[in-house]
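*Asks:* Mind looking over this structure? Questions follow.
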Amino acid sequence: MVRIAPTPSGYLHLGNAANFAANALLAAGGRLLLRIDDLDRARFRPEYLQDVFDVLHWLEIEWTDGPRDATDFQAHWSQEYRMPLYREALDRLSASERIFACPCSRRELADGTHVHGCLKREVDMISGGIAWRMDTRGTALHDTMPWFAVRKKDGRPSYQLACTVDDQYYGIRACARGADLLPSTEAQALVSDLLGYAPLRERIRFVHHPLLTEGGEKISKSRGARSVREWGVSSEEVFGIAREWIAAATP
Ligand SMILES: [Zn+2]
């Protein structure tokens, strides 16, 4: 199974569409899951959800698994329905020596000294308003993504936790994602190991592709709502970009 995993937190841009195409190519006619990651309810908007389907239809991508439309998504496929899976995974992680409870503010976190005795496990795991974080010391991740959260301060699972659990749950075997997510892949490999899953990099073939730029700047969803019809490219051109990415990544 290959997955297309957009987040409905803004209108999609050309880079997102090329990512969809890359995943469709990796699926090569096999099973392709549409998994819409909607944990971030604060940024969720129905029009962003609909935009995901509009872009997929424009690209003429046929997915085999996942919601057929926005209504089906809300009724059956929201990540909210998999909350018991995430909670069970967090329960298991809470016993790990690498996971610690941390009430640190953003500023305290940047300092990294964990003044509340977090690293000495002096903070109760079940107290309110605390995050559960990964002790990344001794790993390559410590330079790029130290102390990443598996559970957020509001008690909800983090993106890294949910993504790792979902990839295991759906039996994902290949995934194209932006090169900006390389540290996330490493973080998820760590979470995967702690959960006792098979090694992430062995079970999933990752293609980390470059990010498209526009006038030298990274294109981001937050830069505005330009619908697919305003991109000024054809779906064939989008698939052309995706093909180049995969060719460059294949040894
Ligand atoms: Zn701390």
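For (1) part of a helix (DSSP H, G or I); (2) away from the ligand (no atom under 16 Å from the Cβ); (3) in contact with a helix residue (DSSP H, G or I) (Cβ under 8 Å, 6 or more places away or on another chain); (4) within 29 Å of I36 (Cα to Cα), each residue gets a yes or a no:
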position: H57; (1), (2), (3), (4): yes, yes, no, yes
position: E80; (1), (2), (3), (4): yes, yes, no, yes
position: E88; (1), (2), (3), (4): yes, yes, no, yes
position: D91; (1), (2), (3), (4): yes, yes, no, yes
position: R107; (1), (2), (3), (4): yes, no, no, no
position: A110; (1), (2), (3), (4): yes, no, no, no
position: H114; (1), (2), (3), (4): no, no, yes, no
position: W132; (1), (2), (3), (4): no, no, yes, yes
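*Asks:* Working only within the range 18-40, note down all residues that are part of a strand (DSSP E or B) and closer than 22 Å to L161 by Cβ. Full working, then the answer.
*Replies:* Taking the range 18-40 as the starting set, the residues that turn out to be part of a strand (DSSP E or B) are 32-34.
Within the range 18-40, L33, L34 meet the criteria.
*Asks:* How many residues are of a type in the set (G, A, S) and surrounded by fewer than 23 Cβ atoms within 10 Å (Cβ to Cβ) if we restrict to the range 1-41?
*Replies:* Step one: filter the range 1-41 for residues of a type in the set (G, A, S), giving 5, 9-10, 15, 17-18, 21-22, 24, 27-30.
Among the residues that remain, those that are also surrounded by fewer than 23 Cβ atoms within 10 Å (Cβ to Cβ) are: 5, 9-10, 15, 24, 27-30.
Final tally of qualifying residues: 9.
*Asks:* Can you name the number of the only condition in (1) at pLDDT 95 or above; (2) in contact with a strand residue (DSSP E or B) (Cβ under 7 Å, 6 or more places away or on another chain) that E186 fails?
*Replies:* (2)
*Asks:* Still on this structure, please answer the following. Can you pull out every residue in the range 96-105 that is surrounded by 17 or more Cβ atoms within 10 Å (Cβ to Cβ), within 25 Å of G196 (Cα to Cα) and either within 10 Å of the ligand (Cβ to nearest atom) or small (G, A, S) (or both)?
*Replies:* If the condition is that a residue be surrounded by 17 or more Cβ atoms within 10 Å (Cβ to Cβ), within 25 Å of G196 (Cα to Cα) and either within 10 Å of the ligand (Cβ to nearest atom) or small (G, A, S) (or both), then F100, A101, C102 are the ones that fit.
*Asks:* Shifting gears a bit: Looking only at the range 1-11, count every residue that is part of a loop (DSSP other than H, G, I, E, B), touching a helix residue (DSSP H, G or I) at 6+ places or on another chain (Cβ under 6 Å) and within 19 Å of D72 (Cβ to Cβ) and tell me the total. Give the steps one after another, and end with the answer.
*Replies:* To start, the set of residues in the range 1-11 that are part of a loop (DSSP other than H, G, I, E, B) comprises 1, 5-11.
Now drop any that are not touching a helix residue (DSSP H, G or I) at 6+ places or on another chain (Cβ under 6 Å), which leaves 6, 8, 10-11.
Of the ones still in play, those that are also within 19 Å of D72 (Cβ to Cβ) are 6, 8.
Summing the residues that are part of a loop (DSSP other than H, G, I, E, B), touching a helix residue (DSSP H, G or I) at 6+ places or on another chain (Cβ under 6 Å) and within 19 Å of D72 (Cβ to Cβ) in the range 1-11 gives 2.
*Asks:* Here's something else I'd like to know. Here's a check for you: in the range 119-130, which residue that is touching an Asp or Glu at 6+ places or on another chain (Cβ under 9 Å) and near the ligand (Cβ under 10 Å from one of its atoms) is nearest to D193 (Cα to Cα)? Show your work before the answer.
*Replies:* Narrowing the range 119-130 to residues touching an Asp or Glu at 6+ places or on another chain (Cβ under 9 Å): 119, 121, 129-130.
Checking which are near the ligand (Cβ under 10 Å from one of its atoms) leaves us with 119, 130.
Values: L119: 20, I130: 23 Å.
Across the range 119-130, the extreme among qualifying residues is L119.
The values are calculated or read from the model by the stated rules, or taken from the named source; none is laboratory data. Note that the coordinates shown come from a computational prediction; the quantities given were computed from them, not determined experimentally. Note that we place each Cβ from the backbone using ideal geometry, even for glycine, and neighbour counts take in every protein chain shown.
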